[in-house]
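Enquirer: Questions regarding the structure given below will be posed in turn.
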Amino acid sequence: MRVRRLLDFVLTNDALTRGLGDAEARILVEWLTDRVEHLAVVASSESAAAAETGRLCHRGRAIARFISLWCYQRERGAAVQLAAAERFTWPLPTDSRIDPCELIHGILQSESSAVAA
């Protein structure tokens, strides 16, 4: 499987990290690249891996948007609406002043657990 092409799709996609600080962006990109590298090994075909990479990138953009809305723009209502529209299954933050790195780390742990289950 051509893992480099899949990784380029993640690494060149500026929309993935728009609205995030450097630390959160790094955490998200590392999580996505780990998932894509795994996909390249287990996917049944290159087209299946590409489709799943696209789905993961969409999910990553939505998570980044949630972090941006919740932590930086302080638009909790919009963040909750996004969470409902994207059908996020992880618990919403209870602290309105949660650190963005802490929040994205918890979200991505929940996302990884949901995939493993």
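The values are calculated or read from the model by the stated rules, or taken from the named source; none is laboratory data. These figures come from a predicted structure and were not determined experimentally. Here the Cβ positions follow ideal geometry from the backbone for every residue, glycine too, while neighbour counts run over all protein chains shown.
Residues are listed down the side, and each one gets a yes or a no for (1) in contact with an Asp or Glu (Cβ under 7 Å, 6 or more places away or on another chain); (2) closer than 23 Å to ARG35 by Cα:
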position	(1), (2)
ARG65	no, yes
GLY77	no, no
GLN81	no, no
GLU86	no, yes
ILE98	no, no
CYS101	yes, yes
HIS105	no, yes
SER110	no, yes
ALA114	no, yes
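Enquirer: Then there is this: Please state which one of LEU6, LEU32, LEU39 is in contact with a Gly (Cβ under 7 Å, 6 or more places away or on another chain), on the phi < 0 side of the Ramachandran plot and surrounded by 17 or more Cβ atoms within 10 Å (Cβ to Cβ).
Expert: Among LEU6, LEU32, LEU39, only LEU32 is in contact with a Gly (Cβ under 7 Å, 6 or more places away or on another chain), on the phi < 0 side of the Ramachandran plot and surrounded by 17 or more Cβ atoms within 10 Å (Cβ to Cβ).
Enquirer: From the list ASP14, ASP99, which one is among the charged types (D, E, K, R) and modelled with pLDDT of 95 or more?
Expert: ASP99
Enquirer: Filter segment 56-89 for residues that are in contact (Cβ under 8 Å) with a residue 40 or more places away in the chain and of a type in the set (Lys, Arg); which is surrounded by the fewest Cβ atoms within 10 Å (Cβ to Cβ)?
Expert: ARG59
Enquirer: Give me the residue from segment 77-89 that is of a type outside the set (A, V, I, L, M) and at pLDDT 95 or above and, out of that set, farthest from the chain's Cα centre (by Cα).
Expert: The residue in question is GLY77.
Enquirer: To continue, here is another question. Just to be sure I understand, how many residues within segment 29-71 are more than 20 Å from ASP8 (Cβ to Cβ) and either modelled with pLDDT of 95 or more or within 17 Å of the chain's Cα centre (by Cα) (or both)?
Expert: Residues meeting the conditions: 9.
Enquirer: Check ILE98, ILE107 and return the single one that is within 12 Å of the chain's Cα centre (by Cα) and within 19 Å of ALA25 (Cα to Cα).
Expert: Checking each option against the conditions leaves just ILE107.
Enquirer: So, one more: Out of ARG5, ARG55, ARG65, report the one residue that is touching a helix residue (DSSP H, G or I) at 6+ places or on another chain (Cβ under 7 Å) and basic (Lys, Arg).
Expert: It is ARG65.
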